[in-house]
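Q: Can you read through this structure? Questions will come right after.
The values are calculated or read from the model by the stated rules, or taken from the named source; none is laboratory data. Computed from a predicted structure; not experimentally measured. Here Cβ is always computed from backbone atoms with ideal geometry, including for glycine, and neighbour counts include all displayed protein chains.
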Amino acid sequence: MKNLTYTLCLLLACLFSSCEKVDIETSDLIGGWSLDKVIVNGIDSGDLGSGSITAHHLQFNEDGSYYRTYVTGSYDIIGDNTVQLDSDYDTYDWEMTVIKVTSNLLVVKMELTEGQYGWNFQQFGDSQQLTIVEQYVR
């Protein structure tokens, strides 16, 4: 019940904060981030029985490169609040919409299939479009 309450609060915060305009600068992203929470189609990934999905590290560098647990590439900020990740392997090319960013918190939203995300969620089909919200902390 506590997880459900936490998940609902996180989702509501994301929904309300998504109404605000978030403008990001490269300096907002630079540094290392640890994945703290993942919400898939409104469900906490911990409740999906898919194992620990939060064992990821995301690093943005000043030279426009990034590292995300075994994946490297370059990133660009598109518009005011979208980060385009272009992997060196063309496997994990993602667009992340930044919902919230502070000095210690980064919340992003992506629209991906399981294959694009690189994770098997048994509750969803392989080609089903998923809304994935990731919360990173420093």
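Q: Starting from segment 24-40, keep only residues that are closer than 11 Å to residue 106 by Cβ and surrounded by 17 or more Cβ atoms within 10 Å (Cβ to Cβ), then list their pairs with residues that are modelled with pLDDT under 95 and among the polar types (S, T, N, Q) whose Cβ atoms are within a distance under 6 Å, requiring at least 6 positions of separation or different chains.
A: 35/54
Q: Exposed (fewer than 12 other Cβ atoms within 10 Å of the Cβ), among the acidic types (Asp, Glu) and either touching a strand residue (DSSP E or B) at 6+ places or on another chain (Cβ under 8 Å) or at pLDDT 95 or above (or both), is that true of residue 63?
A: It is true that residue 63 is exposed (fewer than 12 other Cβ atoms within 10 Å of the Cβ), among the acidic types (Asp, Glu) and either touching a strand residue (DSSP E or B) at 6+ places or on another chain (Cβ under 8 Å) or at pLDDT 95 or above (or both).
Q: For the structure I just gave you, tell me whether residue 54 is touching a Ser or Thr at 6+ places or on another chain (Cβ under 8 Å), part of a strand (DSSP E or B) and either over 17 Å from residue 38 (Cβ atoms) or among the hydroxyl-bearing types (Ser, Thr, Tyr) (or both).
A: Considered against the rule, which asks whether it is touching a Ser or Thr at 6+ places or on another chain (Cβ under 8 Å), part of a strand (DSSP E or B) and either over 17 Å from residue 38 (Cβ atoms) or among the hydroxyl-bearing types (Ser, Thr, Tyr) (or both), residue 54 comes out as no.
Q: Listed residues 28, 88, 76; which is acidic (Asp, Glu), touching a strand residue (DSSP E or B) at 6+ places or on another chain (Cβ under 8 Å) and under 13 Å from residue 136 (Cβ atoms)?
A: Being acidic (Asp, Glu), touching a strand residue (DSSP E or B) at 6+ places or on another chain (Cβ under 8 Å) and under 13 Å from residue 136 (Cβ atoms) holds for just one of 28, 88, 76, which is 28.
Q: Find the residue count for segment 68-84, including only residues that are in contact (Cβ under 8 Å) with a residue 24 or more places away in the chain, part of a loop (DSSP other than H, G, I, E, B) and closer than 23 Å to residue 36 by Cα.
A: 1
Q: Any idea which of (1) at pLDDT below 95; (2) under 20 Å from residue 103 (Cβ atoms) is the one residue 9 doesn't satisfy?
A: (2)
Q: Against the definition (among the β-branched types (Val, Ile, Thr) and assigned to a strand (DSSP E or B)), how does residue 97 come out, yes or no?
A: yes
Q: How many of the residues making up segment 98-115 are free of Cβ contacts under 8 Å to residues at least 24 places away in the same chain, farther than 22 Å from residue 79 by Cβ and loosely packed, with under 13 Cβ neighbours inside 10 Å?
A: Total satisfying the criteria: 1.
Q: Which condition number does residue 130 fail, the rest of (1) modelled with pLDDT of 95 or more; (2) buried (at least 17 other Cβ atoms within 10 Å of the Cβ); (3) under 23 Å from residue 31 (Cβ atoms) being met?
A: (3)
Q: Would you check if residue 71 is touching a helix residue (DSSP H, G or I) at 6+ places or on another chain (Cβ under 9 Å), surrounded by 12 or more Cβ atoms within 10 Å (Cβ to Cβ) and either closer than 21 Å to residue 116 by Cβ or at pLDDT below 85 (or both)?
A: Answer is no for this residue.
Q: Do you know which residues across segment 108-138 are in a loop (DSSP other than H, G, I, E, B) and acidic (Asp, Glu)?
A: The one that is in a loop (DSSP other than H, G, I, E, B) and acidic (Asp, Glu): 126.
Q: If you scan segment 83-99, which residues turn out to be modelled with pLDDT under 95 and among the hydrophobic types (A, V, I, L, M, F, W, C)?
A: Selection gives 94 alone.
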